[in-house]
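Here the structure is laid out as structure tokens; the discussion comes afterwards.
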């Protein structure tokens with residue numbers, strides 16, 4: 001027998017895609033059993049899975065997909081669907097999913113599928129004959145009219161990207177050297193190298209981009225199951241599937257988005273009765289959307305449920321001693337929403353197995369922040385809640401402002417830079433040990449980079465002030481001098497728990513500059 | 001026993017380096033390269049023994065000042081100073097040492113794993129054992145403890161001293 005173990009990863013990857021496709025189509029079928037396109041697509045995916053499992057030598061998977069295929073075949077041939085057929089198909093899908101994951105992890109735990117088989121066996125088969133493969137194959141080839149693709153592991157792309165980054169760093173050094181020689185020939189050739197390197201960089205970056213649909217398609221199923229479990233009626237709408245994001249960002253936000261959706265269904269949307277009483281449609285609405293906004297992608301989860309009750313949130317926060325009663329009375333709405341991110345705060349009255357254990361939203365916030373993004377919450381009592389995740393397009397390259405402090409250099413992500421202003425020592429005031437300065441009509445807190453980072457040196461005159469914005473709050477950072485603006489390649493910093501820094505980058509001269517995490521800097 | 005030749009005897013290969021006047025060794029299997037000291041970027045607010053980060057051909061590596069790590073007095077970087085780039089549990093990091101001297105094979109039978117006899121100020125958690133080569137004693141360093149684990153320990157110690 002041929003050793004197929006080397007194809008395991010590929011098998012798992014492809015199987016997951018097929019499962020996702022089945023899941024998507026089953027959801028369509030649930031609403032409209034007559035939808036032949038969805039039925040055929042499901043059938044094809046199941047059939048492919050069956051052949052793949054047979055080739056790889058996974059008999060359980062082969063058998064289960066075979067049973068599913070039989071059920072689907074009945075439907076395809078116009079058989080009368082019995083009550084609960086789609087649910088049964090979903091159940092089979094879960095079985096397949098478990099089997100695929102057990103292949104992925106290498107565990108030998110096999111799910112108990114006997115009851116499932118029994119139910120599947122009860123569906124009368126139209127004809128016991130084997131499904132004609134030829135027709136299926138023909139249909140399959142119709143679908144593959146898109147340009148051919150190859151599957152490349154992300155680590156290979158990462159390696160390529162590292163090389164390209166290195167190349168562009170070398171290029172910058174070359175440009176610096178070239179500028180010393182007044183040679184037209186040399187200038188021309190370096191300009192060409194410059195252009196090609198930039199293009200190469202763009203192309204490689206493009207390879208990492210993936211439509212968010214890849215992630216979003218996994219959610220309708222979860223929302224469906226959850227709404228059934230909680231006895232709620234939910235219309236789940238997905239918008240902007242085609243928006244692209246760095247594959248790594250996508251993988252990272254999976255849990256966060258799932259958590260928000262769970263919250264929306266479990267806590268946001270009311271039970272049908274309650275909704276009717278409130279004069280709303282019995283069916284709740286949850287909208288998951290992605291929009292491109294300049295350098296960012298905004299992924300938002302919106303529901304038309306009961307909204308966040310500010311007073312209740314305050315009360316819980318005071319009870320859990322996250323804020324004092326005095327603080328609670330003076331807080332504005334935005335600040336209150338920020339409390340959601342505090343660890344250990346959950347307003348769920350009853351602990352369900354779905355959510356409400358007090359872990360969650362703080363994890364969402366910290367995950368998004370670690371990716372260089374931010375979270376915004378808006379809510380209206382009785383009308384619903386909207387949670388927006390502002391995510392960077394890619395975590396690899398960002399625009400940054402380079403600043404110097406004494407002999408050291410730091411990069412500030414341009415996203416958070418609001419303005420650069422000149423401030424004299426006389427403009428500064430001190431309130432309770434905190435330096436402040438007047439900016440337009442506002443008074444902003446001021447931090448001195450030299451002081452906060454203990455930069456050695458004695459040229460302590462006040463330099464330009466970079467006004468930064470972090471989740472709608474402004475403050476000023478005093479730097480030594482401005483060195484310019486450039487695109488930098490973000491590399492993660494191994495030194496642990498340095499919340500002041502979002503990473504580091506390698507500059508044109510080969511030295512390392514740290515990237516400031518503006519939010520972490522002030523909270524530090 | 002007489003039939004056993006040197007080639008058959010199980011040996012381990014170590015990169016030998018110097019700190020003060022003591023000789024240390026790290027398993028060559030964990031070492032990626034030995035680099036001359038380039039510009040090291042300071043990481044503010046990091047533990048004292050973290051010298052900073054360097055650019056290692058397009059990748060970042062954290063550099064540990066091994067003298068400080070072991071509690072010795074630190075010393076100016078000179079032309080003998082080297083950064084030994086090691087890989088431990090998937091992370092590449094550098095160790096700033098006074099000098100990297102040689103690569104040495106030490107028979108396993110000459111490695112003492114209970115370094116009771118060692119008279120060095122280093123906390124024992126950093127040590128894997130002691131290799132005897134002639135009349136030289138080579139202190140074998142446990143890389144796992146140099147970077148990760150003890151960062152916490154160090155912090156805790158500071159707490160206690162407060």
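Values in this text are rule-based calculations from the coordinates and carry no lab data. Keep in mind that what you see is a predicted model, and the values were worked out from it rather than measured. Don't worry about glycine lacking a Cβ; one is built from the backbone with ideal geometry, like all the others, and counts go over all protein chains shown.
Observations
- Extending 7 Å from Cα along the Cβ direction at residue A:472 and again at residue B:103 yields two label points whose distance is 6.1 nm.
- Cα centroids of the range A:235-255 and the range A:32-107: 26 Å apart.
- Normalised contact order of the range A:397-522, rounded percent, pairs of Cα under 8 Å and 6 or more residues apart: 30 percent
- Sites residue A:7 and residue A:271 - FRET efficiency at Förster radius 60 Å, r taken between beta-carbons, to 0.05: 0.80
- Computed from label points 7 Å out along Cα-Cβ, the spacing between residue A:31 and residue B:132 is 8.0 nm.
- Segment residue A:162..residue A:431, full-extension length gain: 92.1 nm, with 0.36 nm per residue of separation and the alpha-carbon distance subtracted.
- With a Förster radius of 51 Å applied to the beta-carbon distance between residue A:206 and residue A:330, the computed FRET efficiency rounds to 0.55.
- Compared with the direct C-alpha span, the chain from residue A:499 to residue A:442 gains 17.8 nm at full extension, assuming 0.36 nm per residue.
- Chain A: relative contact order in percent, alpha carbon pairs under 8 Å with at least 6 residues between: 9 percent
- Coordinate range of the alpha-carbon atoms in the range A:156-230 per principal axis, descending: 74, 18, 17 Å.
- Relative contact order of the range A:212-392: 23 percent, from C-alpha pairs under 8 Å at least 6 residues apart in sequence.
- With R₀ fixed at 51 Å, the C-beta to C-beta distance from residue A:378 to residue A:149 puts the FRET efficiency at about 0.80.
- Over the range A:279-338: Kirkwood hydrodynamic radius from C-alpha pairwise inverse distances, Å: 14.3 Å
- Nearest 10 degrees, 0 to 90: helix A:310-319 Cα axis against chain A principal axis: 80 degrees
- Three-way shape call for the range A:240-346 based on the alpha-carbon gyration tensor, with the a/c threshold at 1.5: oblate
- Kirkwood Rh, Cα atoms: Rg over Rh of the range A:1-97: 1.00
- Net length gained if the chain between residue B:45 and residue B:88 were fully extended (0.36 nm per residue, minus Cα distance): 13.1 nm
- Helix axis angle, A:133-143 relative to chain A longest principal axis, alpha carbon, degrees: 30 degrees
- Most simply put, the range B:1-106 has about 90% antiparallel DSSP beta bridges, counting only bridges with both residues inside it.
- Taking a ≥ b ≥ c as the square roots of the Cα gyration tensor eigenvalues, the range A:212-392 comes out oblate, since a/c reaches at least 1.5 and a/b does not exceed b/c.
- Reciprocal mean inverse distance between Cα atoms of the range A:396-524 - Kirkwood radius, Å: 15.0 Å
- Distance between the range B:51-110 and the range A:396-452 - C-alpha centres, whole angstrom: 36 Å
- Pairs of alpha carbons in chain A whose separation is greater than 28 Å (percent): 66 percent
- Taking the longest Cα principal axis of chain A as reference, the axis of helix A:247-263 is set at about 70 degrees.
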